[in-house]
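Asker: After the structure tokens below, expect a handful of questions from me.
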Ligand code: NDP
Ligand code: 8X3
């Protein structure tokens, strides 16, 4: 029997990279996506002894690029069993009155519209086959709003609402929909949020043990390998030291 195929957006770093490796090690063929082509190529080299690996390098926030990328897949690769909508980032951390329009556009365009563009290209095949699983990576920022998180929190609240909408609309088609909402995970996330300021980024994870990308990848593997009658619809995952978006025991 052929392996199931999973498409992972944001596979060049952090949660997406760990997920790509984990699924490759656990009987999936994978389509890895991201803008940094060199990273995708080296991941393909690393994983190609384990499974079939296809690369799609494009910007999720550009609907024409998304369409072109999915259309470029050979027909048998268009049969995507698992879509992991993971690509996204925070850009900036400012009070609303000081926020940058460029940062707002990036977060809405990538985290919300990018996820929708991917979904639009991949879901019709799932509906036709009455089979498939969409895993949306939300955040605790989609469950709570914290000071200065305004637009990033809005983008992740939108992911939460879209996830709920997908669950309802795809119910008739036997399609599983899962939202995974992590707390603090040490990846390149804070480096992007703080525009390359490594010291500020590293400080976010000081004084406690944050989650690592592999913790989320292990959870995604668990979720996508449940029996056919089981759908895990919504999960929030914190490091043990975290109890809410802003309650973190930093006594270490
Ligand atoms: P990273 O910065 O390590 O990874 C982000 C990934 O998204 C990269 O692979 C990047 O690829 C991709 N990406 C970003 N913008 C685009 C774009 N325009 N087009 C295509 N791909 C893009 O961060 P994480 O792994 O932490 O983040 C992954 C997801 O997890 C995000 O949705 C984030 O909001 C969410 N999350 C993260 C948490 C954390 O604490 N780290 C907690 C909760 C949720 P490339 O640059 O090559 O395009
Ligand atoms: C990432 C987690 O708390 O930095 O979504 O917003 S947080």
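Asker: Can you give me the Cα centroid spacing of the stretch 151-205 and the stretch 55-125 in angstrom?
Answerer: 12
Asker: Let me ask something else about it. Ordered by packing density, taken as the mean number of other Cβ atoms within 10 Å over each peptide's residues, highest first, how do 207-219, 21-33 rank?
Answerer: Highest to lowest by the protection proxy: 21-33, 207-219.
Asker: Still on this structure, please answer the following. In whole angstrom, and with the biggest value first, how far do the Cα coordinates of the stretch 1-54 range along each principal axis?
Answerer: On the principal axes, the stretch 1-54 reaches 33, 18, 13 Å in Cα extent.
Asker: Given only helices, namely DSSP H runs of n ≥ 4 each adding -39500 (n - 2.57), what is the per-residue ellipticity at 222 nm of the chain, to the nearest 500 deg cm²/dmol?
Answerer: Here the helix-only value at 222 nm equals -11500 deg cm²/dmol.
Asker: I'd like the antiparallel share, as a percent to the nearest 5, of DSSP beta bridges with both residues in the chain.
Answerer: Roughly 5 percent of the DSSP beta bridges within the chain come out antiparallel.
Asker: In the Gaussian network model of the chain, springs joining C-alpha atoms below 10 Å, which of 113, 143, 68 carries the largest mean-square fluctuation?
Answerer: 68
Asker: Taking a quarter of the surface of the convex hull around the Cα atoms of the stretch 4-237, what do you get in nm²?
Answerer: In nm², the orientation-averaged hull projection of the stretch 4-237 is 12.4.
Asker: State, as an integer percentage, the relative contact order of the stretch 87-163 based on alpha-carbon contacts under 8 Å between residues 6 or more apart.
Answerer: Rounded, it is 37 percent for the stretch 87-163.
Asker: Compute from the Cα atoms of the stretch 16-123 the Rg and the Dmax, the latter being the longest Cα-Cα distance, and quote both in angstrom.
Answerer: 15.4, 51
Asker: Given the peptides 144-156, 120-132, arrange them by the average over their residues of other C-beta atoms within 10 Å, most packed first.
Answerer: Working: 144-156: 19.6, 120-132: 16.4.
Peptide ranking by packing, descending: 144-156, 120-132.
Asker: I would also like to ask the following. By count of other Cβ within 10 Å, fewest leading, how are 194, 189, 222 ordered?
Answerer: So the residues, fewest neighbours to most, are 222, 194, 189.
Asker: Normalised by the number of residues in the chain, what is the relative contact order in percent for Cα pairs under 8 Å and 6+ residues apart?
Answerer: So the answer I get is 19 percent.
Asker: By how many degrees, between 0 and 90 and to the nearest 10, does the Cα long axis of helix 213-224 differ from the longest principal axis of the chain?
Answerer: Here the helix axis deviates by roughly 40 degrees.
Asker: Same structure again: Which residue, 225, 178, 187, tops the fluctuation ranking in a GNM of the chain built on C-alpha contacts under 10 Å?
Answerer: Looking only at 225, 178, 187, the largest GNM fluctuation is found for 225.
Since every read-out is calculated from the coordinates, none of them should be taken as a lab result. Computed from a predicted structure; not experimentally measured. When we count neighbours, we look across all protein chains shown, and the Cβ atoms used for this are built from the backbone with ideal geometry, even at glycine.
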